[in-house]
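The values are calculated or read from the model by the stated rules, or taken from the named source; none is laboratory data. Note that the coordinates shown come from a computational prediction; the quantities given were computed from them, not determined experimentally. Positions of Cβ are generated from backbone atoms using ideal geometry, with glycine treated the same way; all protein chains shown enter the neighbour counts.
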Amino acid sequence: MTNCLICDTTIDKHRHFGVQICKACTAFFRRSIAEKHEYKCKYDGNCNIKGARRNVCRSCRLKRCFEVGLEREDIVKEESSPSTSNESPDKGQINPLESDKLPILASSKYPTIRRCVEGLEKFLNDQKLLIIKLNPSITFDDTKFRSLKKSEFDLFEKHSMSLVYHMLEDFYGPFKMLTLEHKTKFLISYCLKFSGMIKFYLTTITFPAVNDKRHVAYHGYCCHDIEYFLSEYEKPEEHYKMGETNLARSIEMTNKFKILGIKETETAILTCMLFIFEAEQFQFPEIQSSVERLKNAFFKEIHDYYTDKLGSVVAGIKFGNLFDLTNDMTIFFQDLHQNLKMCDLFVDEFYDLYIDLENKCSVKEHQDHMSKSETVKK
């Protein structure tokens, strides 16, 4: 056994492109060169990318790839080499749930999907940096997940909201066109759904077995012990029923992700679908036409993408699965929101970030309305 020259993880002595590196770093280098990514370090260009931190900075990781001897020409030669297999599989026979193994997205042919993937990747990387900043001792080892307390959950949710905001600003054009008041209302509602979906996704890729009851809340943190999660309350027993119900339903939703084999590209697609459906629900006049254009272009890209990669029959199955999953999530989050609202009314000590922000927005709207009414009277 030896160590990867890029991220220092333990590997066998097999070499990739003639260099002693792990499969994960090989895949990262291949994807970065094939997609012609240009990364920029947010710090001094000397980030720690060892072990579980290898995903913290893609710029420093790619720089390290070149330093250990990898070359762009390695990927060019690989792509131009003929296949060693004489078999040509029928597209229609490809498992519709194995889309993470499909060829890399062509940004020119699927620009909207590509931007959604880039937005999701940026959010996930930024959230890892956030977790490290809030808890420098954290590791991202699947065998060393920490249990989570409610105060930590609230802290991470609050700070993650700004990351969601920047993702929407940078990658979802209609969001930038909203007024400040409408952005605030949209963000609060959307974050509840997006944050939950990310937890389903992180759990799916970390603990893919359907019978695994562990639920990933954030990178390095699990939420599966309700008593520990609620232990900071003076009367935690008053919160147990709601906590156990929400966790059980979250695990049910996560199992749907696992059964369908949802990976990064699908999660990015679901992120945009949630955005479109959320915008349609609010019906903000300043973005109605732009959301409609986004919806038409995006759904066409999804259809073309899966048809090109899987064939028309399997593409239809995949498309239907994504819509069914989006509908299931919509129902899940509607029920969750209703439960949180009821607990806010009737359970002592109860606090939820999104319900609290929602209430503050309602109070402000009422105050603004009263102020305008007084002005009119004068």
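The condition of being in contact with a strand residue (DSSP E or B) (Cβ under 6 Å, 6 or more places away or on another chain) and closer than 27 Å to Phe123 by Cβ holds for only one of Thr9, Thr26, that being Thr26. Here Phe200 clears all of (1) without any contact (Cβ under 8 Å) to a residue 12 or more places away in the chain; (2) under 25 Å from His159 (Cβ atoms) except the condition numbered (1).
The single condition among (1) at pLDDT 95 or above; (2) closer than 20 Å to Ser147 by Cβ that Lys193 does not satisfy is (2). Scanning the range 180-216 for residues that are within 11 Å of the chain's Cα centre (by Cα) and assigned to a loop (DSSP other than H, G, I, E, B) yields a count of 0. Per the listing Glu152, Glu157, the residue uniquely in contact with a helix residue (DSSP H, G or I) (Cβ under 6 Å, 6 or more places away or on another chain) and within 29 Å of Cys361 (Cα to Cα) is Glu157. Among the numbered criteria (1) out of contact with any Leu (no Cβ under 6 Å at 6 or more places or on another chain); (2) surrounded by 14 or more Cβ atoms within 10 Å (Cβ to Cβ); (3) without any contact (Cβ under 8 Å) to a residue 60 or more places away in the chain, which one does Leu5 miss? Answer for Leu5: the failing condition is (3).
Contact map, the range 177-191: residues that are over 13 Å from Phe275 (Cα atoms) paired with residues that are β-branched (Val, Ile, Thr), Cβ distance under 8 Å, separation 6+ or inter-chain. Pairs shown: Met177/Ile287; Leu178/Ile287. Any residue at all in the range 137-144 that's at pLDDT below 95, of a type in the set (Phe, Trp, Tyr) and surrounded by 15 or more Cβ atoms within 10 Å (Cβ to Cβ)? Within the range 137-144, one or more residues are at pLDDT below 95, of a type in the set (Phe, Trp, Tyr) and surrounded by 15 or more Cβ atoms within 10 Å (Cβ to Cβ). Looking across the range 272-304, just one residue is under 22 Å from Val314 (Cα atoms) and of a type in the set (Val, Ile, Thr), and that is Ile302.
Identify, please: which residue in the range 190-243 is of a type in the set (Lys, Arg) and touching an Asp or Glu at 6+ places or on another chain (Cβ under 8 Å) and is, among those, nearest to Lys263 (Cα to Cα)? In this case the residue turns out to be Lys193.
Among the residues of the range 248-263, those identified as of a type outside the set (Phe, Trp, Tyr) and in a helix (DSSP H, G or I) are Ala248, Arg249, Ser250, Ile251, Glu252, Met253, Thr254, Asn255, Lys256, Lys258, Ile259, Leu260.
Per-residue answers, yes or no, for (1) in contact with a Phe, Trp or Tyr (Cβ under 8 Å, 6 or more places away or on another chain); (2) farther than 24 Å from Lys149 by Cβ:
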{"residue": "Ala315", "(1), (2)": "yes, yes"}
{"residue": "Asp328", "(1), (2)": "no, yes"}
{"residue": "Gln334", "(1), (2)": "no, yes"}
{"residue": "Lys341", "(1), (2)": "no, no"}
{"residue": "Asp352", "(1), (2)": "no, no"}
{"residue": "Ile355", "(1), (2)": "no, no"}
{"residue": "Cys361", "(1), (2)": "no, yes"}
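The residue list Glu227, Glu234 contains one member that is over 18 Å from Arg146 (Cα atoms) and among the charged types (D, E, K, R), which is Glu234. Filtered by the rule that a residue be assigned to a helix (DSSP H, G or I), at pLDDT below 80 and among the small types (Gly, Ala, Ser), the range 52-95 gives Ala52, Ser80, Gly92.
Table: residues versus (1) over 21 Å from Val117 (Cα atoms); (2) of a type in the set (Lys, Arg).
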{"site": "Phe175", "(1), (2)": "no, no"}
{"site": "Lys199", "(1), (2)": "no, yes"}
{"site": "Cys223", "(1), (2)": "yes, no"}
{"site": "Glu232", "(1), (2)": "yes, no"}
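For (1) buried (at least 19 other Cβ atoms within 10 Å of the Cβ); (2) touching a strand residue (DSSP E or B) at 6+ places or on another chain (Cβ under 9 Å), each residue gets a yes or a no:
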site: Tyr218; (1), (2): yes, no
site: Asp225; (1), (2): no, yes
site: Leu230; (1), (2): yes, no
site: Glu237; (1), (2): no, no
site: Asn246; (1), (2): yes, no
site: Ile259; (1), (2): no, no
